[in-house]
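The values are calculated or read from the model by the stated rules, or taken from the named source; none is laboratory data. This one's a predicted model, so the numbers in the text were calculated from it and none came from an experiment. For neighbour counting, all protein chains shown are included, and Cβ atoms are generated from backbone atoms with ideal geometry for every residue, glycine included.
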């Protein structure tokens, strides 16, 4: 099958684990004989070209060049009007789309937006006409223009959505063009301005063209071929009003063979705790540090390693300050390349998953369980579909350092629980969250979608 995947990010440029899963799926589908091409953004390309210590991007380069390590707000220079746009193609990877996103949610100008809309839709059309894919397979579209979705529906090709986070519902906050067309008119002046713009396009054919390209109604898109990566996420999209009641759930999976077993399973003091994730208030690493502070004051010997990239410098500075002032046994490892994480897990015996917000699903929990670590976690969002309190993990109240400290203290006093949760967690991942299981579900779904689409055309 000839597949064109569209994703906002693609390794070696990435922010989180979902982009890495996307690459694993691409590689595995290719190994099964499918022809797979990827259209993604230029995120990170300019960073490589301006950094003398980093070679130009290649799909095969395995060096960790995650731009989030250096600057969490990197965005494609093509968002500045297209003058600096330098599309990069390597083999089956097309890094040509504009990625615009920062954590301040800054809007770009109308002129810049119009340039992006026209350029990116043209790139998509050209690629589809050249590659003749049997199916369009959409991963995360966050920070890409949503008018691409409308363009995709104009092709005589089935579009499959992989929904693994809130990009479709949440991007209205950061996509100013989508927000422009979707926002309800609050006053007559705003309505006049919007209609005035359309009125400037005097030719009826051009007016309809601009409406069809830019006026994206997310709720009217065809979601016949959509799957979610957690029941929680599917429920949330249903609450948002998206028609997804019949969509299946395919849990994300990991390759358990990559992960080493913890060398400290059931060991005595000091307990070796690990936090792995972005350093941002929503992720809750401050809860882990506060819990360590509580326990050290009680005289317990333990250590905490924090592995993660900086997403909020002011917040991270406050974490460093707390650790220094309280003289806590906390070590910041920085952003650890994904290929090094198995070794990091193996050197610890407890993962603290402290996220406060409702995350769609957690690959970190799966990786830690596969490494036979005891997991102490909040049960927000899709995490609850992995965790079984007191069976394969311990659950604590979100943003509650006292409760977290109590759970860690329970493990200190009962080291056999570390071994129990580690073994049960590893078994849970092997049975329900393996990579091959996920891949087979996705491949079968893609094949079914292509056949169903053709059948529907012939009716």
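Among what's in the range 117-147 and is farther than 24 Å from residue 447 by Cβ and in contact (Cβ under 8 Å) with a residue 60 or more places away in the chain, pick the residue that is surrounded by the fewest Cβ atoms within 10 Å (Cβ to Cβ).
This residue is 123.
Within 22 Å of the chain's Cα centre (by Cα), part of a helix (DSSP H, G or I) and surrounded by 18 or more Cβ atoms within 10 Å (Cβ to Cβ): does that describe residue 382?
On the way: within 22 Å of the chain's Cα centre (by Cα): yes; part of a helix (DSSP H, G or I): yes; surrounded by 18 or more Cβ atoms within 10 Å (Cβ to Cβ): yes.
Yes: the conditions hold for residue 382.
Take the residues of the range 421-437 that are free of Cβ contacts under 8 Å to residues at least 60 places away in the same chain and surrounded by fewer than 16 Cβ atoms within 10 Å (Cβ to Cβ): which is farthest from residue 292 (Cα to Cα)?
Filtering the range 421-437 for residues that are free of Cβ contacts under 8 Å to residues at least 60 places away in the same chain and surrounded by fewer than 16 Cβ atoms within 10 Å (Cβ to Cβ), the one farthest from residue 292 (Cα to Cα) comes out as 431.
Among the residues of the range 122-148, how many are in a loop (DSSP other than H, G, I, E, B) and in contact with a helix residue (DSSP H, G or I) (Cβ under 6 Å, 6 or more places away or on another chain)?
Step one: list which residues in the range 122-148 are in a loop (DSSP other than H, G, I, E, B), which gives 132-134, 139-146.
Imposing the further condition that a residue be in contact with a helix residue (DSSP H, G or I) (Cβ under 6 Å, 6 or more places away or on another chain) reduces the set to 134, 139-142, 145-146.
Total satisfying the criteria: 7.
Go through the range 284-308 and give me each residue that's outside any helix (DSSP H, G or I) and touching a strand residue (DSSP E or B) at 6+ places or on another chain (Cβ under 7 Å). Walk me through it before giving the result.
Restricting attention to the range 284-308, the residues satisfying the condition of being outside any helix (DSSP H, G or I) are 284, 298-308.
Within the range 284-308, 302, 303, 304, 305, 306, 307, 308 meet the criteria.
Out of the residues in the range 387-443 meeting the condition of being in contact with a helix residue (DSSP H, G or I) (Cβ under 7 Å, 6 or more places away or on another chain) and part of a strand (DSSP E or B), tell me which one is nearest to residue 249 (Cα to Cα).
For the range 387-443, the residue satisfying everything is 434.
Can you go through 357, 347 and tell me which one is surrounded by fewer than 24 Cβ atoms within 10 Å (Cβ to Cβ), touching a residue at least 40 places away in the same chain (Cβ under 8 Å) and touching a strand residue (DSSP E or B) at 6+ places or on another chain (Cβ under 8 Å)?
On inspection, the qualifying residue turns out to be 347.
Search the range 438-452 for residues that are under 13 Å from residue 25 (Cβ atoms) and pair each with any residue that is assigned to a helix (DSSP H, G or I) when their beta-carbon atoms are under 8 Å apart and the residues are at least 6 apart or on different chains.
Here the result reads 439/25; 439/28; 439/29; 442/25; 443/29, each pair linking the range 438-452 to a residue that is assigned to a helix (DSSP H, G or I).
Can you find even one residue in the range 289-297 that is at pLDDT below 95, more than 23 Å from residue 383 (Cβ to Cβ) and exposed (fewer than 15 other Cβ atoms within 10 Å of the Cβ)? Please lay out each step first, then the result.
Here is the first cut: in the range 289-297, the residues at pLDDT below 95 are none.
No - not one qualifying residue is present in the range 289-297.
Would it be correct to say that residue 395 is touching a residue at least 24 places away in the same chain (Cβ under 8 Å), touching a strand residue (DSSP E or B) at 6+ places or on another chain (Cβ under 6 Å) and more than 22 Å from residue 164 (Cα to Cα)?
On the way: touching a residue at least 24 places away in the same chain (Cβ under 8 Å): no; touching a strand residue (DSSP E or B) at 6+ places or on another chain (Cβ under 6 Å): yes; more than 22 Å from residue 164 (Cα to Cα): yes.
Against the criterion (touching a residue at least 24 places away in the same chain (Cβ under 8 Å), touching a strand residue (DSSP E or B) at 6+ places or on another chain (Cβ under 6 Å) and more than 22 Å from residue 164 (Cα to Cα)), residue 395 does not qualify.
Of all residues in the range 403-419, how many are in contact (Cβ under 8 Å) with a residue 60 or more places away in the chain and loosely packed, with under 13 Cβ neighbours inside 10 Å? Outline the logic, then answer.
Residues of the range 403-419 that are in contact (Cβ under 8 Å) with a residue 60 or more places away in the chain, as a first pass: 404-405, 408-409, 411-412, 415-416, 418-419.
Now drop any that are not loosely packed, with under 13 Cβ neighbours inside 10 Å, which leaves 416.
Total satisfying the criteria: 1.
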